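A.B. asks: Submitted below is the structure of interest, expressed as C-alpha cells.
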Amino acid sequence: MNQILESIYIALGAIWANKLRSFMTVLGNIVAVTSIVTVVTLIQGMNAMVSTAIISDVGADSFTIQRQPPIRNEEDEERTRNNPILTMAEADAIRAFSPLVTAVMGQTGRGGTVAYRDTELNQVTIQAVTDEYINFSNFNAERGRLMSPTEVKRAAPVAVIGYDTAERLFGRNDPLEKVIRVEGTPFRVVGVSKKQGSFFGNSQDTFVIISLANFQKIYGTRQSLQIVVKPRSADEVQAAMDDATVALRVYRRLGPAERDNFGIFTSDTFLNLYKQATSGIFAVLVGVVALSLVVGGIVIMNIMLMVVSERTREIGLRKALGARRADILSQVLTESVTLSIFGGIVGISLGFLAAMTIAAVTPLPARLEPWSVILGIGITAAVGLFFGMYPASRAAALDPIEALRRE
C-alpha cells in the first residue's frame with residue numbers, strides 16, 4: 001500500500017512539475033469525458049422525463065385500450081387503418097366480463113378554443129372523461145375540487161382546468177366558480193389541477209377537463225374513445241389485460257384466426273416503444289464521442305514514451321540502487337493512470353456544467369447519475385492503464401548500465 005501511495009506521490013510531483021505538458025496530454029481525455037458525460041446526462045434526463053410523463057399519463061397500475069395497436073411500419077398502418085372505433089358499450093362489456101377490474105373510464109380529447117371574457121386561448125386540449133375518472137390517480141385538483149361522478153353522469157356544465165389555462169385566462173384572479181366558454185359553450189370552473197410542467201418545451205398544463213357527454217354535444221358522437229382500465233391491484237394488470245382482450249374479441253365477434261382489431265397499452269409498452277426508437281441514436285452518439293478517448297489514450301502513450309526517454313538516467317539510477325522491474329513498471333503506469341484520471345475528473349465536471357447549461361437554455365432536461373461518474377473515472381483509468389502499458393514496459397526493460405551512460 002505504501003509503495004502505491006509513493007508511486008502516486010511521485011506521479012503527482014511529475015505532473016505538477018510539468019503543468020502545461022500534463023494539461024495538453026490529458027486534453028483529449030477531458031474533451032472525450034466532457035462530451036460523454038454531457039450526452040449521458042442529457043439522455044438520462046430525457047429518459048427520466050419521458051418515464052415520468054408516461055406513468056403520469058397512463059398510470060403504473062392501469063392500462064389503456066386504443067383503436068390501433070403500436071404502429072411500427074406502413075404495413076401496420078394499412079392493416080389497422082379501418083379498425084372500428086371504441087365505444088362505451090365496449091367499456092361496459094369489459095366491466096361486466098372481468099371480476100379483476102375495479103374501474104373503467106372512457107376518455108377522449110382534441111384541441112379547441114377556450115375563452116373567458118375577452119381572453120381567448122387556441123389549441124387548448126379539451127379532455128373528456130366518464131364518471132369513473134375519479135378512481136385514476138393522474139387526475140387531481142390543487143385548488144377547488146374535481147368534478148363529482150354525479151356531475152359527470154348528468155353532464156353538468158362544470159370543468160377542471162390546467163394550471164397554465166388558469167394562469168393565462170385569469171392571471172392573479174381566482175378562477176374558481178368563474179364561467180369559461182369551451183367552443184362557445186359555458187362551463188363553471190370547479191377546480192385547478194396541480195402544475196405538471198413542460199415536456200420538451202410543450203406545456204402539459206394547458207387543458208380543460210369536461211364530461212364525455214358534454215364533449216359529444218360540442219364535437220359529436222363519432223369520436224373514437226380510449227378505454228382506461230384499472231385492475232384491483234398492480235399485480236393483476238396482466239390478468240386483467242387478458243380478460244379485457246377476451247371481452248373485446250367476444251363483443252366484436254372475432255374468430256380464432258382473426259387478429260385483434262384494437263391495441264392494449266401499459267406504461268411499459270410506451271416506455272419500450274420510446275427505448276426502441278431512441279436506443280440506436282443514443283448508442284451512435286456515445287460511440288462516436290467515445291472515439292475521442294482512443295485519441296486521448298494515444299496522446300498519453302506518446303507523451304509517456306517521451307517521459308521515459310527524458311528520464312532514462314533517473315530510471316537507470318533507480319534500478320542501480322535496487323529498484324525492481326515491477327517498481328519501475330508501477331511508477332510509469334501510476335503516472336499514466338493518474339494523468340488519465342485527472343483528465344476524467346475535469347471532464348466530468350465540465351460535462352455536468354455543460355449539461356446543466358444546455359438544460360437551462362433549452363427544453364432538454366439533464367440528470368447526472370452516480371453510475372455515470374463512476375463509469376467516467378473507471379473508463380479514464382482503464383485508458384491510462386492500457387495506453388501506459390507499453391511505455392511502462394519499455395522503461396522497466398531498460399538496462400541500468402546503458403541507461404546511466406545515456407546523456
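A.B. asks: Looking only at residues that are modelled with pLDDT under 75 and not hydroxyl-bearing (Ser, Thr, Tyr) in the range 191-202, which one is farthest from ILE161 (Cα to Cα)? Before you say what the answer is, go through the steps one by one.
C.D. replies: Step one: list which residues in the range 191-202 are modelled with pLDDT under 75, which gives 198-202.
Filter once more, so that each one left must be not hydroxyl-bearing (Ser, Thr, Tyr): 199-202.
On the way: PHE199: 18, PHE200: 21, GLY201: 20, ASN202: 17 Å.
The extreme case among them is PHE200.
A.B. asks: Moving on. Of all residues in the range 337-349, which are surrounded by fewer than 19 Cβ atoms within 10 Å (Cβ to Cβ) and closer than 17 Å to GLN44 by Cα?
C.D. replies: The one that is surrounded by fewer than 19 Cβ atoms within 10 Å (Cβ to Cβ) and closer than 17 Å to GLN44 by Cα: SER349.
A.B. asks: Inside the range 80-112, can you point out the residues that are in a helix (DSSP H, G or I) and either over 31 Å from the mean Cα position of the chain (by Cα) or without any contact (Cβ under 8 Å) to a residue 12 or more places away in the chain (or both)?
C.D. replies: If we filter the range 80-112 for residues that are in a helix (DSSP H, G or I), which is where we start, we get 80, 88-97.
Scanning the range 80-112 gives MET88, ALA89, GLU90, ALA91, ASP92, ALA93, ILE94, ARG95, ALA96, PHE97.
A.B. asks: Quick one: in the range 163-182, of everything that is within 15 Å of VAL124 (Cα to Cα) and open to solvent by 80 Å² or more (accessible area, probe 1.4 Å), which residue is farthest from the chain's Cα centre (by Cα)?
C.D. replies: Top of the filtered list is ARG181.
A.B. asks: Moving to a separate point now. For the range 203-254, name all the residues that are at pLDDT below 90, of a type in the set (Ser, Thr, Tyr) and open to solvent by 60 Å² or more (accessible area, probe 1.4 Å).
C.D. replies: Hit for the range 203-254 is THR221, nothing else.
A.B. asks: I would also like to ask the following. Could you tell me whether SER372 is part of a helix (DSSP H, G or I), among the small types (Gly, Ala, Ser) and surrounded by 22 or more Cβ atoms within 10 Å (Cβ to Cβ)?
C.D. replies: Here the answer is no, as SER372 does not meet what is asked.
A.B. asks: Right, another one. What's the total number of residues in the range 43-77 that are modelled with pLDDT of 70 or more and at positive phi?
C.D. replies: Matching residues across the range 43-77 total 0.
A.B. asks: In the set ILE298, ILE281, which member is in a helix (DSSP H, G or I), modelled with pLDDT of 75 or more and at negative phi? Working first, answer last.
C.D. replies: Working: ILE281 fails: modelled with pLDDT of 75 or more.
Just a single option satisfies the conditions, and that option is ILE298.
A.B. asks: Which of the residues spanning the range 123-150 are open to solvent by 30 Å² or more (accessible area, probe 1.4 Å), at pLDDT 90 or above and part of a strand (DSSP E or B)?
C.D. replies: Selection gives THR125, GLN127, ARG143, GLY144.
A.B. asks: Working only within the range 183-202, note down all residues that are open to solvent by 50 Å² or more (accessible area, probe 1.4 Å), out of contact with any Pro (no Cβ under 7 Å at 6 or more places or on another chain) and of a type outside the set (S, T, N, Q).
C.D. replies: If the condition is that a residue be open to solvent by 50 Å² or more (accessible area, probe 1.4 Å), out of contact with any Pro (no Cβ under 7 Å at 6 or more places or on another chain) and of a type outside the set (S, T, N, Q), then GLU183, GLY184, LYS194, LYS195, PHE199 are the ones that fit.
A.B. asks: Mind checking which residues of the range 78-110 are out of contact with any strand residue (DSSP E or B) (no Cβ under 8 Å at 6 or more places or on another chain), among the charged types (D, E, K, R) and modelled with pLDDT of 90 or more?
C.D. replies: none
A.B. asks: What are the residues in the range 314-369 that are assigned to a loop (DSSP other than H, G, I, E, B), of a type outside the set (D, E, K, R) and more than 29 Å from VAL299 (Cα to Cα), if any?
C.D. replies: First pass over the range 314-369, keeping only residues assigned to a loop (DSSP other than H, G, I, E, B): 321-324, 362-369.
Filter once more, so that each one left must be of a type outside the set (D, E, K, R): 321-323, 362-366, 368.
LEU321, GLY322, THR362, PRO363, LEU364, PRO365, ALA366, listed by residue number.
A.B. asks: Would you point out which residue out of ARG324, ARG367 is open to solvent by 20 Å² or more (accessible area, probe 1.4 Å), more than 28 Å from the chain's Cα centre (by Cα) and among the basic types (Lys, Arg)?
C.D. replies: Working: ARG367 fails: more than 28 Å from the chain's Cα centre (by Cα).
ARG324 is the lone residue from the list that is open to solvent by 20 Å² or more (accessible area, probe 1.4 Å), more than 28 Å from the chain's Cα centre (by Cα) and among the basic types (Lys, Arg).
A.B. asks: What are the residues in the range 203-228 that are within 19 Å of GLU167 (Cα to Cα) and among the aliphatic types (A, V, I, L, M), if any? Before you say what the answer is, go through the steps one by one.
C.D. replies: The initial filter retains those residues of the range 203-228 that are within 19 Å of GLU167 (Cα to Cα), namely 203-210.
Within the range 203-228, VAL208, ILE209, ILE210 meet the criteria.
The values are calculated or read from the model by the stated rules, or taken from the named source; none is laboratory data. Predicted model only: the values in this text are computed from it and were never measured. Every residue, glycine as well, gets a Cβ built from its backbone with ideal geometry; the counts of neighbours run over all protein chains shown. The protein model used for the area step is the full one, side chains on, heavy atoms only, and it has no ligands, DNA or RNA in it. Shrake-Rupley method; radii C 1.70, N 1.55, O 1.52, S 1.80 Å.
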